[in-house]
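> Below are the structure tokens for one structure; questions will follow.
The values are calculated or read from the model by the stated rules, or taken from the named source; none is laboratory data. Being a predicted model, the structure only gives us computed values, none of them experimental. Note that we place each Cβ from the backbone using ideal geometry, even for glycine, and neighbour counts take in every protein chain shown. The protein model used for the area step is the full one, side chains on, heavy atoms only, and it has no ligands, DNA or RNA in it. Shrake-Rupley method; radii C 1.70, N 1.55, O 1.52, S 1.80 Å.
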Amino acid sequence: MIQNDTIVAQVTHPGKSSVGILRISGVNAKTVAIEVLGAIPKPRFATYAKFFNKNKKVLDHGISLWFPSPFSFTGEDTLELQGHGNPLIIDLLIRRILSIKNIRLAKPGEFCERAFLNGKIDLVQAEAIDDLINSETESMAKASLNSLEGNFSYFIQDLVEILTQFRVEIESSIDFTEEEINFNFDDIVYSNFRKLDDKFLKIKKIITDKSIIRETKKIIIVGPPNAGKSSLLNILSSSNRAIVTNIPGTTRDLLYEYVNINGFLCEIIDTAGFHNTKDEVEKIGIIRAWNTLKKCEHVLFVIDKTINFEDQKRISNDFIKKINSYDNSIRITFVLNKNDLLQDDFGIKKIGDFYFISISALTGQGINTLKKHLIKTEKNKEKEGLFAARRRHVHQIDLSYFEFLKAKKDWLKYNNIEFLAESLSLMNKLIGEITGSFSSNDLLNRIFSTFCIGK
Ligand code: GDP
């Protein structure tokens, strides 16, 4: 799928550096080469060249690289110009290139998008490029590289293969009557169910044991009104994002803040708390908080430490009970706030499976201990991943597996080939969205727009 317009962008980091690289991709890359360099460079050779303006004056000089279609990253004709990394020179060169007909600036992620659209990489690999560039740890970089080399896509393709084979067998029999099908159909269905079940469980296990999810960790702050939740968000984010008052119910909806804790980026969400209330707006806020909590990795449950110890115990036990009925994989840390009003130590204690950290969101005491605890529990430091997965991939696999379980149940109940064919087609679509074989434009726009320009 060759695009009509040609795009240009700086692929190196903007700012001063010894070398600045521009990439031009599309049908008019040839014209750019002729106009700016005076000739098309020899394919895949580093060629020294002068970069000319319209009046044949030299703007800069450096290395030019020519990758004719389809042997380029995007699959299109691609020219790369490596000049001096001065933003003024780079800007002059970009403007010079943009003055040529049908050339425009690339949108974020557009080179990767074209590589995907031209079948050079699948969606998982495109995302792996983004993950590799943004990796914060060595193991994350290794895992992203593995995904880029197709390790994750391989597992998905394997699943799609079984699914496709199953669909062929099912759909080809739809037009026949029961008498015409002279083989034991139930056997075929159940043997395929077993194969799919096996594959799904394997992939789910691999994702749990061997994948690293790069996306920002989500940490949610909950607890009774006035315990100091908003004060905690403010001190963790070093801002006055949340309004702090001694009036219960001040925070009625969710507040999101990206926080960099000693180099570890996470998203912290402040909530209205989970108390009973008659206030309709607060009620909606509480429902939203529960729904958001299910998507978080870590809960900071804030308790006012100045209240009676028995009440503290009751509040924390109630919360543990409630959360266990939702999801017991989420980590919980109890933050005992307002310790400045007591004579107690600011420290961390482990009771059973849970950590209790005494802090003062007002004075900042104990905050460093809390930060260190969050980094220790949330950073994927030790994990050696086989590949980098995204939450999007895990979600699609879960949806598809859910549809599979439904298909099995329906088959047992109705023995209906059309129902089964429909379910299999839906599963195929859901899985296909991972690698991009079924992705809507909307999804693609969402994914590629998070990349930066030049990728
Ligand atoms: P939220 O309702 O749980 O979000 O609680 P807020 O953060 O709004 O705080 C409620 C009240 O407690 C405010 O008056 C805060 O100034 C006060 N507060 C919060 N944290 C502390 C703390 O560590 N020590 C003391 N002394 N007061 C605090």
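> Using mean Cβ contacts within 10 Å as the protection proxy, how do 18-27, 4-13 order, highest first?
In descending order of packing, they fall as 18-27, 4-13.
> Sort 46-58, 395-407 for me by packing, meaning the mean count of neighbouring Cβ atoms within 10 Å per residue, highest on top.
395-407, 46-58
> Counting only protein chains, not ligands or nucleic acids, how are R392, R96 ordered by accessible area (probe 1.4 Å), most first?
Correct descending sequence by accessible area is R392, R96.
> In 10 Å bins starting at 0, how do the alpha-carbon pair distances of the range 6-120 split up by percent?
15, 51, 31, 3
> Now, a different point. If you count, for each residue, the other Cβ atoms within 10 Å and average over each peptide, how do 113-123, 163-173 line up from highest to lowest?
Order by mean packing, descending: 113-123, 163-173.
> Which lysines have a Cα less than 30 Å from the Cα of K101, not counting those fewer than 8 places away in the same chain?
Straight-distance partners of K101: K16, K30, K42, K50, K54, K56, K57, K120, K455.
> Got a sec? What order do H61, H373 fall in by accessible area at 1.4 Å, biggest, i.e. largest, first?
Ranked list, largest accessible area first: H61, H373.
> So how far apart, in nm, are the two label points at H395 and N317 if each is 7 Å from Cα heading toward Cβ?
Those two pseudo-labels are separated by 3.8 nm.
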